[in-house]
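Here's the structure we're looking at; comments come further down.
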Amino acid sequence: MNITKKHSFRGELSVPGDKSISHRGIMFGAISNGLTEVTNFLQGADCLSTISCFRQLGISIENDGSKVLVHGKGLHGLTQSQQILDVGNSGTTARLISGILAGQPFQSTLNGDASIRKRPMNRIFTPLSEMGARFQCWDAGYFPDLYKKTSSGCAPFTIQGSSLRHIHYQSPIASAQVKSAVLLAGLYGDGITKVTEPVLSRNHTELMLAGFGADILSTDTTAAIWPEPKLEGQAIHVPGDISSAAYFIALGLITPNSEILIQNVGINPTRSGILQAALAMGGKITLLNQRTVSGEPAADILVTSSSLHGTTIGGSQIPTLIDELPIIAVMAAFAEGTTIIKDAQELKVKESDRILSVTENLNAMGGKITPTDDGMIIEGGSLLHGTEIKTYQDHRIAMAFCIAGLNAEGETTFDDRNCVTISYPSFYEDLEHLQV
Ligand code: S3P
């Protein structure tokens, strides 16, 4: 696929359902009693991995391509899978399902793609082991022909579930995946399990689990969960994913003569940091029709071409826009002045090392960007030109640099355009639809 400069984007679109919320709808439905109906479910490869793992654990799940019906079997209804659970590219599937599997009276083995096999799992092994589960990692070079032990702290790994102790976990990182794994394990604990994070991460687990009937209390950066609740199936309507809307927010802001209305986007404050960052850069953004969808705040977002300037992004903002930093870096390259992104070491352990993949590609396009240990410094205002983008099979890199390419001189090509199917299968069609 070749991308060339376009001069205007106008129109309306609805981005697909939120990835984090779609995963949780399936998982929480599976361990609840009765039927859970998930509408506007994200049919991306990551969420389909969650469906296939829970099917392997004995849960019947119907998926007609938009609506998903989960026939939940309650907290103790899962059965052991005879096959390895394949989480594909999905860190959320790997870490959240591990929290649930930690409390089961059986063993499970998880594996995933090349990216997953490099991502740190010790961050969940530590608290879940403290609760009583046991983990063993296998050398990916031999697996599954030979189960050779390793202490890599990465997939593939086996979890031996157990009856669990309650803990109060002081998480060293602000990670919703770690928090959620501990809270889900806490459903099977022998008392109240608590997690305290350094900074609040996305709180979809707390909101949605409460909706299913869990006793869960959030105070500042601590979430507490009571064991053995009676969870009941729910109807969940998934709002549009702000992480997907982010590409169109950036496109509307940096392309001249553009106006884009993105409908029905989740704007949970633990997720919507891109809106504050874009406003701080001088972006013209209006929230319309604010409402609540399945317990989550949502709005339509109107963006208009803007003259952007640099800003500093760091501290407690980071977890609210962690997945949006690649596209924010692209916006910063089109802004006047310097943008500093700091306190974002977590970028190194996403689907790719995003400090590397962002800086390498932006510099290859003629940008002036310096990687740092915890982020990057972007000198905006250089004229960008097309190049071949190395996506590292990272969906967010492919989409961010597609937006950059649409505003760069010459041709931008990609080593892999299909990785967008992880979170946004219709990305290119939706983009096409906005071209004037
Ligand atoms: C997610 C949490 C974040 C985010 C990921 C989805 C979730 O990861 O980057 O895309 O659904 O809980 P961390 O919890 O590792 O920060």
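A few comments on the model shown:
- Residue selected from the range 152-178 under the condition of a type in the set (V, I, T) and in a loop (DSSP other than H, G, I, E, B), by the criterion nearest to the ligand (Cβ to nearest atom): I173
- F143 being out of contact with any Ser or Thr (no Cβ under 6 Å at 6 or more places or on another chain), farther than 23 Å from T79 by Cβ and away from the ligand (no atom under 14 Å from the Cβ): yes
Residue by residue, here is whether (1) surrounded by fewer than 24 Cβ atoms within 10 Å (Cβ to Cβ); (2) touching a residue at least 60 places away in the same chain (Cβ under 8 Å); (3) under 19 Å from L362 (Cβ atoms); (4) touching a Leu at 6+ places or on another chain (Cβ under 9 Å) holds:
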| residue | (1), (2), (3), (4) |
| --- | --- |
| P256 | yes, yes, no, no |
| E259 | yes, yes, no, yes |
| T292 | yes, no, no, no |
| A299 | yes, no, no, yes |
| T304 | yes, no, no, yes |
| L325 | no, no, yes, yes |
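- Filter pass, A140 being hydrophobic (A, V, I, L, M, F, W, C), surrounded by 23 or more Cβ atoms within 10 Å (Cβ to Cβ) and under 22 Å from S81 (Cβ atoms): no
- For the range 188-237, filtering for residues that are touching a Ser or Thr at 6+ places or on another chain (Cβ under 6 Å), more than 21 Å from I167 (Cβ to Cβ) and within 13 Å of the ligand (Cβ to nearest atom) leaves 2.
- Only one of the numbered conditions (1) among the β-branched types (V, I, T); (2) closer than 27 Å to S90 by Cβ; (3) over 17 Å from the mean Cα position of the chain (by Cα) is violated by V349, and that is (3).
- Restricting the range 149-174 to residues that are under 24 Å from L75 (Cα atoms) and hydroxyl-bearing (S, T, Y) leaves a set whose member that is surrounded by the most Cβ atoms within 10 Å (Cβ to Cβ) is Y169.
- Residue match in the range 226-238 (condition: under 18 Å from the mean Cα position of the chain (by Cα), within 23 Å of F401 (Cβ to Cβ) and buried (at least 18 other Cβ atoms within 10 Å of the Cβ)): no
- Taking the conditions (1) within 16 Å of the ligand (Cβ to nearest atom); (2) in contact with a strand residue (DSSP E or B) (Cβ under 9 Å, 6 or more places away or on another chain) in turn, L383 satisfies each one other than (1).
- If you filter the range 337-373 down to residues that are farther than 18 Å from I274 by Cα and acidic (D, E), you find that the one that is surrounded by the most Cβ atoms within 10 Å (Cβ to Cβ) is E351.
- Condition met for I192 (of a type outside the set (G, A, S) and under 29 Å from A344 (Cβ atoms)): no
- The single residue among A250, A181 that is touching a helix residue (DSSP H, G or I) at 6+ places or on another chain (Cβ under 6 Å), within 14 Å of the ligand (Cβ to nearest atom) and not in a loop (DSSP other than H, G, I, E, B) turns out to be A181.
Rule-based calculations on the coordinates, nothing more; no lab input. What you see is a predicted model; the values in this text were computed from it and never measured. Positions of Cβ are backbone-derived with ideal geometry, glycine not excepted, and every protein chain shown enters the neighbour counts.
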